[in-house]
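Structure, as structure tokens:
The values are calculated or read from the model by the stated rules, or taken from the named source; none is laboratory data. All figures in this text were calculated on a predicted structure; none of them were measured in a lab. Cβ placement follows ideal geometry from the backbone for every residue including glycine, while neighbour counts extend to all protein chains displayed.
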Amino acid sequence: MRHHSACSKKDNSIAGCILINIHCKASLQNSEDTSVVTEHICTNNNNNMPHLFSPLKIKNIELKNRIVVSPMCEYSSVDGFANDWHLVHLGSFATGGAALIITEAAAVSPEGRITDNDLGIYKDEHIARLKQITDFIHAHGSIAGIQLAHAGRKASHQQPWLGGKQIPSDQEHGWVAVAPSSIAFTDAEEAPIALDKAGIAKVIADFKAATVRAIAAGFKVIELHGAHGYLINQFLSPASNKRTDEYGGAFDNRVRLLIEIIEAVQEVWPKENPLFVRLSTTEWTEGAWTADDSVTLAKLLKDHGVDLIDCSTGGNIAGVKIALKPGYQVEFAEKIRKESGILTGAVGLITKPHQADEIIQEGEADVVFLAREMLRDPHFALRAAHELGHETAWPVQYERAKW
Ligand SMILES: Cc1cc2nc3c(=O)[nH]c(=O)nc-3n(C[C@H](O)[C@H](O)[C@H](O)COP(=O)(O)O)c2cc1C
């Protein structure tokens, strides 16, 4: 294990480093091969390197800083294909210095798309354009990740800028959505069909086949989308999963689909490559999924070889109001990190370099995921380095613009 003693030199990072030791010990116990250990490289405090710019090694990936581009649907594909938009959109984050760039939700099947303009990874023909994007990202020193997703009952909708409403299955661009139970997201929507056993087996096989394509497309990180009320989240939550078979009811049954997807993905995903899961870590309402459920699940996922939980919230129960404020979801990343020992990512209204740095410094999360701020400023990481007084590499083409 490297560099842990360096961390303890700085008073306010002592607590974080104790946790880091626990991570490493646990990872060693769970790893067949010590070269596949999740390892932190702590801040080099002698150089006063900002915590946000301390590298992080996760299995065979080394993130050059703690800044991750959060998945953001662009609804700009035809039949799932990436195109020039995706290359420019995702490529700009690489020239902007983010360590890890995760694509928008990429549907593992046509029926698993939110809109018929979603990015997809359900055909071998999708691979070539995605490979062009991962090649560009890797050539510019960032790492490419892909979010694999199935929308479940939130499928068959319009693009947000056309209103975002459900498209009934009998209308053009509409199709029948599937879900754990035949319960619509809102009363105004058509109810989905409850998946039978063959349907569940297809979902699992689709995630596995998508993983094979993600490897061919050059992605080094996979994030499974288990949040925001999409299919996996619908199975996890007692609010949307009313099944009476082994995929519903008790906690162990509701998490079964996610565990089976992970097992299928891991049959093909290289064991030295990181696997993330995004969760809605609370549903912000009584009688639904709670932060404690997320801790229990995080421990289980850690035992199943998942490396990091991307800690989002909400999205599965219509009408729930979330009190938004800067860093409003960070507490869940901190809780899960501390109580389960897994790496976590914090997301949600993280917009300022010092705010992001403090989250890492205080041991509240291992990485920060930024979405909207990245759209405002794809070069956020370059700006953050400047504001935090850190010297970082710029694309040579941009060097004349350095502050
Ligand atoms: C345009 C847009 C598209 C999004 N698409 C996705 C997505 O594909 N998958 C996902 O998990 N979250 C998605 N999100 C949520 C973001 O990843 C992020 O969790 C959320 O915006 C909060 O972070 P922020 O305050 O930094 O924007 C999207 C957000 C935006 C703004």
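Here are the numbers for the structure shown:
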item: Residue in the range 46-63 that is at pLDDT below 95, crowded, with 18+ Cβ neighbours inside 10 Å and assigned to a loop (DSSP other than H, G, I, E, B) present; result: yes
item: Members of the range 349-370 that are farther than 17 Å from Ile58 by Cα and either under 18 Å from the mean Cα position of the chain (by Cα) or within 12 Å of the ligand (Cβ to nearest atom) (or both); result: Leu349, Ile350, Thr351, Lys352, Gln355, Ala356, Ile359, Glu364, Leu370
item: Extreme residue, surrounded by the most Cβ atoms within 10 Å (Cβ to Cβ), among residues of the range 70-94 that are of a type in the set (A, V, I, L, M) and farther than 17 Å from Ala139 by Cα; result: Ala82
item: Scope the range 147-175; condition crowded, with 24+ Cβ neighbours inside 10 Å and either away from the ligand (no atom under 15 Å from the Cβ) or without any contact (Cβ under 8 Å) to a residue 24 or more places away in the chain (or both); matching residues; result: Arg153, Ser156
item: Single condition Val330 does not satisfy, out of (1) more than 10 Å from the ligand (Cβ to nearest atom); (2) under 25 Å from Val277 (Cβ atoms); (3) surrounded by fewer than 23 Cβ atoms within 10 Å (Cβ to Cβ); result: (3)
item: Some residue of the range 302-318 being charged (D, E, K, R) and within 16 Å of the ligand (Cβ to nearest atom); result: yes
item: Boolean, Ile261 is in contact (Cβ under 8 Å) with a residue 40 or more places away in the chain and not in a helix (DSSP H, G or I); result: no
item: Any hit, the range 245-252, residues being in contact with a strand residue (DSSP E or B) (Cβ under 6 Å, 6 or more places away or on another chain) and surrounded by 16 or more Cβ atoms within 10 Å (Cβ to Cβ); result: no
item: Residue within the range 289-299 that is within 11 Å of the ligand (Cβ to nearest atom) and touching a strand residue (DSSP E or B) at 6+ places or on another chain (Cβ under 7 Å) present; result: no
item: Neighbours by Cβ (under 7 Å, 6+ apart or cross-chain): first from the range 307-332, closer than 19 Å to Ala365 by Cα and touching a residue at least 40 places away in the same chain (Cβ under 8 Å); second within 14 Å of the ligand (Cβ to nearest atom) and among the acidic types (Asp, Glu); result: Asp310/Glu223
item: Candidate set from the range 99-144 (those that are charged (D, E, K, R) and assigned to a helix (DSSP H, G or I)); member that is surrounded by the most Cβ atoms within 10 Å (Cβ to Cβ); result: Glu111
item: Residues being free of Cβ contacts under 8 Å to residues at least 60 places away in the same chain, under 27 Å from Ala214 (Cα atoms) and outside any loop (DSSP other than H, G, I, E, B) - total across the range 267-293; result: 5
item: Matching residues, the range 381-403, being in a helix (DSSP H, G or I), closer than 18 Å to Met49 by Cα and among the acidic types (Asp, Glu); result: Glu387
item: Residue that is nearest to Leu100 (Cα to Cα), among those in the range 334-371 that are in contact with a Lys or Arg (Cβ under 9 Å, 6 or more places away or on another chain) and assigned to a loop (DSSP other than H, G, I, E, B); result: Asp366
